[in-house]
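*Asks:* Pasting a structure here, questions to come.
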Amino acid sequence: MLCTLPRGSFRLVSILYGKSKAFASLIPFAFICLQLFSACEVERKEKTEKPNIVVFFVDDMGWQDTSVPFWTEITEWNKRYHTPNMKKLASQGMKFTQAYAHAVCSPSRTSLLTGMNPARHGVTNWTLWKDISTDHEDEELEFPDWNVNGLQPVDTINQAIFAHTLPSILRENGYHTIHVGKAHWGAMGTPGENPLNLGFDINIAGHAAGGLGSYLGENNFGNAEPGVHTPPWGVPGMEKYHGDSIHLTEALTLEAITALNEAKKKDQPFFLYFSHYTVHIPLEADRRFYPKYKEMGLEEPEARYASMLEGMDKSLGDILDYLKANQLEDNTILVFLSDNGGLSASARGGKLHMHNTPLNSGKGSAYEGGIRIPMLIKWPKVIAPKSTFEDYLIIEDLFPTLLDMASVSKPETVQIIDGESLVPTLHGNNKNNFRKKPLIWHYPNNWGATGPGIGATSTIREGDWKLIYWYKTRELELFNIAEDIGETKNLAIVHPEKVSELTKKLGNFLREVNAFRPKDKRTGEWAPWPDE
């Protein structure tokens, strides 16, 4: 590594050395050299001591879709799915038992990159087409003109949120930023559809769509023919694998490792945002692991789903192995999480809305099965191995947390940050009562699927209490999550004082951020706020 000395340093040394007439004159010369090279060493350490950061992001993975138990009990799901590398990561770091995201993908992904709650950033549903809402029609509610164009790097796109993103801030502070996999931030035909416009130096396979036509190389990953990109459901940038017998999860892992090899050559830390498309539908078997689950007697499509989960876990293991083999693991933070609760609709087969038990429902739901996610963090020399964080947190908290981990404090942003940094808590002994503000979820939309907790809602959790407000019926549900994790007992009638307290806090926040809300078609009026 070449040191960067102050301009004119070598000329000064040469002059002093040239004028040396005796041994004694070498003493100040040696002192000056020592000072210069000490400064160089300080600069070198400042560069190398910034940690590398890997965010390993899984799509639609449920809280129970792993052999790592995130509940107090080991469940049938923990026994069914084989994720040995998640277990390894948990043994090396911290398990978060009450981590939350939002009910569908784009709101969560935008919150992670901006630190904003969806009620504030307005990307409240999944995005795809420019200027077109993905809301399904409803007989009684008219849905708002939410920010259908998603996250943008400029303020000139209508129905969009302009923000300073996590990768752009890290890049400004010396990081080499890499995106691999699913992006799903900006709508098609807008700058935000390309991760390169959102702060990434490298983009592999990311574009506007959140889904894909196929995981199989022989199907060209959903593209119409080899060597071309067929939007919206064809995965871009993976043409060299077209026609091959390879699963997308494995191909993306190979590309991520290639990108890390290039990053290793640079005189700067790296930020790898590795966002898998898996385990989003279509459910297509990873042949490396599929036979095992058939031999276990799993029916379709659950055997395919299980094989995809283990393929994801193999990818995680490959990244962990790479970091260790290249002497990077001691200076690399790794964050593992999902973007929403696990899918529990018809594509999974079996008993509908029961795939995340003991949690109620799944993706798209305001109930715990739609929003509670698996999360693990390894931070060498800071987080104790095999530790557990029992308090709740939400995905926008990762924005200030990751910046704090990178020693980027109080960055200047155009957006107001709702997330709270975990770093002070992780550095201390107190692993509880981390968050000062309540958790808020806001979904004034219609995802399309039906099921428990799925619909236009706003939700708040403070302490053990969680309240859900339904825009269509004006119904209020109150649950004590510590005592009733499955949300089976609505306590709203029993605790009217708690309902009043939480609805007021929820309503105040929604009004403060000018949150979108639906209209009642029957009256033509905006649906009331939760506390009205």
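The values are calculated or read from the model by the stated rules, or taken from the named source; none is laboratory data. Bear in mind that the values here come from a model prediction, so they are computed numbers and not experimental data. Here the Cβ positions follow ideal geometry from the backbone for every residue, glycine too, while neighbour counts run over all protein chains shown. To get the accessible areas, we keep the full protein, side chains included, count just its heavy atoms, and leave off ligands, DNA and RNA. Shrake-Rupley method; radii C 1.70, N 1.55, O 1.52, S 1.80 Å.
*Asks:* Please work out the average accessible area per residue across region 302-405, using the 1.4 Å probe convention, and give it in Å².
*Replies:* Counting only protein heavy atoms, the per-residue value for region 302-405 is 27 Å².
*Asks:* Taking the simple approach of a point 7 Å from Cα along Cα-to-Cβ for both Val414 and Lys437, what is their distance in nm?
*Replies:* Distance between label points: 2.0 nm.
*Asks:* Heavy-atom accessible area per residue, region 91-223, 1.4 Å probe: how many Å²?
*Replies:* That works out to 27 Å² per residue.
*Asks:* Please arrange Lys436, Lys489 by accessible surface area, largest first, computed with a 1.4 Å probe and ligands excluded.
*Replies:* Lys436, Lys489
*Asks:* Something else: Tell me the carbon and sulfur percent of the accessible area for region 120-260, rounded to whole percent, probe radius 1.4 Å.
*Replies:* Here carbon and sulfur together make up 49 percent of the probe-accessible area.
*Asks:* Can you pull the percent of region 55-106's accessible area that's carbon plus sulfur, 1.4 Å probe, other chains left in place?
*Replies:* In region 55-106, the share of accessible area belonging to carbon and sulfur is 52 percent.
*Asks:* Go through Lys466/Lys504; Lys386/Lys437; Lys436/Lys466; Lys436/Lys504; Lys264/Lys386 and tell me which ones have a Cα-Cα distance over 23 Å in this structure.
*Replies:* Violating the 23 Å limit, Cα to Cα: Lys386/Lys437; Lys264/Lys386.
*Asks:* Rounded to the nearest Å, what's the spacing between the alpha carbon centres of region 396-414 and region 209-287? Just the number, please.
*Replies:* Each part reduced to its Cα centre gives a spacing of 29 Å.
*Asks:* Quick check on packing: order 272-281, 460-469, 224-233 by the mean number of other C-beta atoms within 10 Å, highest mean leading.
*Replies:* Packing order, densest peptide first, comes out as 272-281, 460-469, 224-233.
*Asks:* In addition: Does the chain come out rounded, prolate or oblate by the C-alpha gyration tensor, with a ≥ b ≥ c the root eigenvalues, rounded set by a/c under 1.5 and, if not, prolate when a/b is larger than b/c and oblate if not?
*Replies:* prolate
*Asks:* Something else about it: For region 253-312, which GluC sites (Glu not before Pro) are in a loop by DSSP, counting at most 16 other Cβ atoms within 10 Å?
*Replies:* Glu299
*Asks:* Separate question: First compute the accessible area of region 282-330 with a 1.4 Å probe, then give the percent of it belonging to carbon and sulfur atoms.
*Replies:* In region 282-330, the share of accessible area belonging to carbon and sulfur is 49 percent.
*Asks:* Another one. Going by average Cβ neighbours within 10 Å, how do the peptides 200-211, 380-391, 164-175 rank, with the highest at the top?
*Replies:* 200-211, 164-175, 380-391
*Asks:* Leaving out ligands and nucleic acids, note down the accessible area per residue over region 458-532 with a 1.4 angstrom probe, in whole Å².
*Replies:* Heavy-atom SASA per residue in region 458-532 reads 50 Å².
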